[in-house]
Structures are given as C-alpha cells and as structure tokens.
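Written out below as structure tokens is the structure these notes cover.
The values are calculated or read from the model by the stated rules, or taken from the named source; none is laboratory data. On a predicted model such as this, the values are computed, not experimentally measured, just so you know. Cβ sites come from the backbone with ideal geometry, for glycine too, and all protein chains shown count toward neighbours.
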Ligand SMILES: Cc1ncc(COP(=O)(O)O)c(C=O)c1O
C-alpha cells in the first residue's frame, strides 16, 4: 500500500525547517543534553513520543486546579474533570473518524485494548474450527493475546505470508481468508519494518466472509495513517504515549455492534447498572468496558495532545515525516555493510530497522548513544519477525515530526563513526597480534 | 566523545569478542546449560568439565553483542581451575569487574548473561549433591 495521509480536504501546511524549529521549541526535552554535554538526537519515537509542553501543562493544570474523580461527586471540580475527560473522548473520536464518542473506550494502552477484545470477545465467541488470521510481523501485543484466545476457545491461528520485501503477501489473501475466518488482526503500520499495510483491502476480504477486523494502530495513529472509516474497521487500538500523550492511557475503538459483543473482562465500579447479592447487570457502553477509576488526568492530557497535533495538521505531519524517511533511506543505504529490513519508502512509514554485517545491533545502539543519538536495539517485541530476518536483534531508528533533516544526517554520520571505531580497533588488534 | 566510543571497544573486550577463549563444545561435558536474554536475544551455552568440584575446562557457544560474547569468553578463562565453592561466592559485581568496561544498567544484562548461566549450573550441582529436585535460578530477582 502506498503511503498517503488521511485527507482533510484542506491544503496541508508545508512544514519547513523554520516551522520545525518552532515546533521543537514546544518540546522541552529536545533541548536536554545527554551524557553531560551532548545534544540529544531522539530517534526512538516509535517506542514512545516526546511530549509538548502544552500536554505537560494540561496535566499539571488538572492536578492543580480541578483534580477530582469523574462521573461521581456532584461538585464543581468533579464536573470540570468529567467535562475534560469526555471532551478528550470526543476529540479522539473525531481524530480517528469515529462517528460517536461512545465508540471510544479508555484502556491503559494498546496492549490492554487488544487483550480486552481477545479475552472479552474472541475467547468467548470463537469455537474450535474457527480461524484467526494473523501474520508474523505483528508486535507481541497483537500476537500473544490472540494465541491466548485461540487456546481458550479452540480456534486456530493462521499466518498470512510475507513478501521478500517485508510486506503482507496480499495476493494470497484468498487462500487465508475463508468461511471459517472470524477475525483478522493486523497492524496499520509495522513497528519494525515500517510497512504500511493495505487495511481497506484486508478489511474488504475479511468482511466478505463476515469476519471482524482488528487494527493495531499503535504506530499508524502517530503518523496520521488511521481512519476507522477506511475499510469500515471493527476494532482499533492505540496508545496515548506514542501520540504525544501521557503513559497509562490507551484507546479501544469499536463499531457499536462489535463493542456490544465484548463481554466485560474486568468487573468493578462504574461498569455496572445494578449490583445485588445474587448478581450484577452491566452499564451501557463505554462505561461497561471501563471498570474502576479511569486515568482521567491522562485523558485531559491526551485531549491537549490531539489539539496540538491538529494545530499542526496530521496531513502535514505525514508528509514531513515521509520526507525524513526518504532522506534517511537515501543516506543510510550508502553506508557499506548496512542492511535495512523493510520495503521501499513508498510502502512504509518513518521507521528504519537495520543491521550491520560486523557490529551487533546492541553494540551499534550503544555506540550511537555515546554520541547522543537515541535509537533502540533488540527484537522490538517481534520475535517471530526476527526469526524470519535470521537475526536476534535489529537497530531501529524511528522519526517524528519534531525531528530534522540535520538529525537524519547525525544518525548516518554517527553510524559511520561507529563503524570506523570498530574497524580501527579491530585492525589495531589484528596488527598487534601479528 | 571519541573516548566514549573507544571505551566500548576496549582492546580487552574486542580481543575476547574476536578471538574468544574456549568458544566451542566439549566432547562430554559434566554439565551444560543455555540461556537467552529475552530483551535482546543474546544467547549463551556454557559447558563445564568437572574434576570433583574443580572446573577443569569451561567452554561456551553463543550469539549476540560484543559485551555478551566477550563476557562469556572472559568468564570461561576466569573460572577454569576454580572450585564450585569459589564460584558460589562469586557475585554479579565480580563479573562486571572482570569485564573492566563501565556498562549502563541495560548493558549490564548483556555482560551478566554468561554469569547467570554459570550460576544456574553451580546451583544445579549443589542440588544434585543434596538430591533436591532441580529448579531454575535467576540472578535477577523478578
Ligand atoms: C505496533 C505496536 N503494537 C502494540 C504496541 C504496544 O503498545 P503498548 O505497550 O503501549 O501497549 C506497540 C508499542 O510498542 C507497537 O509498536
């Protein structure tokens, strides 16, 4: 699928260098020094994004001015906090193209959202012989819960094959989707290869056999590539912390009829209509799936994050990030010995996972950190994918709109420097032992 | 900054990484154990040949970063000739000291992987002697 932002119909603002410098001033952390004296080059936004000051300020404001539990006390503070939380729900609904706010369930993160559907829906509704279609590129969060649900229900997991350039092999969709398929779970965008999947096409095939579609939008949501109307998605999940928001807050979106089928996994306060000694009945959505006290202050922070993103414009963000990706691919592919795992830039978002033929990913990340460049090394919660790669770990650089072309260059030159140090050291050692 | 970079690829680490000590298999090991760092995928298998309670030979096989692999090599060299008693007293910090390079918390896991495998082997030997059922041992309390 080629990458094009979800259109708002308006002409997107072009984010030039001046505008990005202005944006960077909104993120205090980007001006921190690391290891005492090195400017931070933060290229780990796929793990968690940095937060603009307005989000931090909103959280402080909530704690200082109207902190109060939501939906309960009849007093001014409680009303204000509830309004903040519910307005965040509306903003999020609009952000992802949902038609009503009740379709947005607050959870603690993508992982919790997937588990809610896996345990509350799949484990309850699936039968032996039913099939769940996955693929080996998925994050463990969109993998392990389905394994658990399959085990609990007797359903079978199937895996759509990947192409040689790390896309889903959609030409084989018909072989893998059939009348037994009940659910297709897929990421909007891979957190390792950056591959942007053709969700509308996958959803059309799934819906044609009556299967539900679950989209893990943990990555795609941050890059403006998520709209639940594209493909008429049944369930969709993402985490606030990857989208400029606070930790501890996730979203589960569902079509009303799909959400209605989820049985509560957690019981407690707020999710009930009536509780008696002999049993309990459930509240309406979204409360039914939100047992206990919500992360209401975080919700307010998330509302501020969405406002901020929209003030810049998701379309502009998508385009700008893609230009950084193109630059990164062009520059990094000139470095000898470096292999990038992923398709051509036209089919991916702003993530580059790589290995060097001599330097282990871990050592590479360490050597970059020593130059102030923050990337991540490991399997990035995708062990089955790394099994296919044939390496235990890759080094991953991921970009956000607050990164600059200059930082892409810093990444590349830091990698070159690391290689040089390794080779110089290695050579010296060889000479010494002659 | 150059110093910071050179520090990781300290000659000592690189020596052990590129020409490891006893990297391979034993014909018939007295005991063997393998483990993996689940976060980064580093793998180490350690094989020991015991003479009574003395480590006669220690060999390893592995895959992973310079620190984890050099760590295994350094550990094999260090423990040969030592007794199980002595190894029982060896602490994580002793292993980090053997590596010589300063490591951040996340990289200490790499440096300690071989040591963790060794500790599991040593405890298993203890239990063997006292006929207790063997159980997995973790040096990082979860
Ligand atoms: C594609 C994808 N899915 C799921 C997750 C899990 O998100 P969280 O840990 O916030 O629940 C991540 C984050 O690492 C991710 O990148």
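Report yes if some residue within the stretch A:173-192 is more than 14 Å from chain B (Cβ to nearest Cβ), within 11 Å of the ligand (Cβ to nearest atom), assigned to a helix (DSSP H, G or I) and touching a residue at least 60 places away in the same chain (Cβ under 8 Å); otherwise report no.
Looking for residues that are more than 14 Å from chain B (Cβ to nearest Cβ), within 11 Å of the ligand (Cβ to nearest atom), assigned to a helix (DSSP H, G or I) and touching a residue at least 60 places away in the same chain (Cβ under 8 Å), one finds none in the stretch A:173-192, hence no.
Output yes when any residue across the stretch A:209-217 is surrounded by fewer than 19 Cβ atoms within 10 Å (Cβ to Cβ) and more than 26 Å from residue A:307 (Cβ to Cβ), and no when none is.
Checking the stretch A:209-217: at least one residue is surrounded by fewer than 19 Cβ atoms within 10 Å (Cβ to Cβ) and more than 26 Å from residue A:307 (Cβ to Cβ).
What number goes with the only condition from (1) surrounded by 21 or more Cβ atoms within 10 Å (Cβ to Cβ); (2) assigned to a loop (DSSP other than H, G, I, E, B) that residue B:48 does not pass?
Only one criterion in (1) surrounded by 21 or more Cβ atoms within 10 Å (Cβ to Cβ); (2) assigned to a loop (DSSP other than H, G, I, E, B) is unmet by residue B:48, namely (2).
Of the residues in the stretch A:403-415, how many are surrounded by fewer than 16 Cβ atoms within 10 Å (Cβ to Cβ) and either within 14 Å of chain B (Cβ to nearest Cβ) or in contact with a helix residue (DSSP H, G or I) (Cβ under 6 Å, 6 or more places away or on another chain) (or both)?
Qualifying residue count, the stretch A:403-415: 2.
In the list A:237, A:206, which residue meets the criterion of being more than 16 Å from the ligand (Cβ to nearest atom) and either assigned to a loop (DSSP other than H, G, I, E, B) or buried (at least 22 other Cβ atoms within 10 Å of the Cβ) (or both)?
A:206
Within the set of pairs 6 or more residues apart or between chains, which connect a residue that is facing chain B (nearest Cβ under 8 Å) inside the stretch A:356-370 to a residue that is in a strand (DSSP E or B) with Cβ atoms less than 7 Å apart?
What qualifies is A:361/A:355; A:361/A:377; A:361/A:394; A:361/A:395; A:362/A:377.
Any residue at all in the stretch A:102-111 that's surrounded by 18 or more Cβ atoms within 10 Å (Cβ to Cβ) and more than 16 Å from the ligand (Cβ to nearest atom)?
yes
Among the numbered conditions (1) farther than 22 Å from residue A:311 by Cβ; (2) in a helix (DSSP H, G or I), tell me where residue A:73 comes up short.
(2)
Need the failing condition index for residue A:57 against (1) surrounded by 18 or more Cβ atoms within 10 Å (Cβ to Cβ); (2) more than 16 Å from the ligand (Cβ to nearest atom); (3) at pLDDT 95 or above, just the number.
Among (1) surrounded by 18 or more Cβ atoms within 10 Å (Cβ to Cβ); (2) more than 16 Å from the ligand (Cβ to nearest atom); (3) at pLDDT 95 or above, residue A:57 violates only (1).
Across the stretch A:132-150, what is the total count of residues that are more than 12 Å from the ligand (Cβ to nearest atom) and touching a helix residue (DSSP H, G or I) at 6+ places or on another chain (Cβ under 7 Å)?
Going through the stretch A:132-150 one residue at a time, the tally reaches 7.
Which residue, of A:259, A:249, A:244, is within 16 Å of the ligand (Cβ to nearest atom), in the same structural domain as residue A:297 (by TED's automatic domain parsing) and over 12 Å from the mean Cα position of the chain (by Cα)?
Working: A:259 fails: within 16 Å of the ligand (Cβ to nearest atom); A:244 fails: over 12 Å from the mean Cα position of the chain (by Cα).
Result of the check over A:259, A:249, A:244: A:249.
Can you confirm whether residue A:304 is at pLDDT 95 or above, in contact with a helix residue (DSSP H, G or I) (Cβ under 6 Å, 6 or more places away or on another chain), in a helix (DSSP H, G or I) and crowded, with 24+ Cβ neighbours inside 10 Å?
yes
Name the residues in the stretch B:1-38 that are in contact (Cβ under 8 Å) with a residue 60 or more places away in the chain, in contact with a helix residue (DSSP H, G or I) (Cβ under 7 Å, 6 or more places away or on another chain) and at the interface with chain A (Cβ under 8 Å from one of its Cβ atoms), would you?
Passing the criteria: only B:8.
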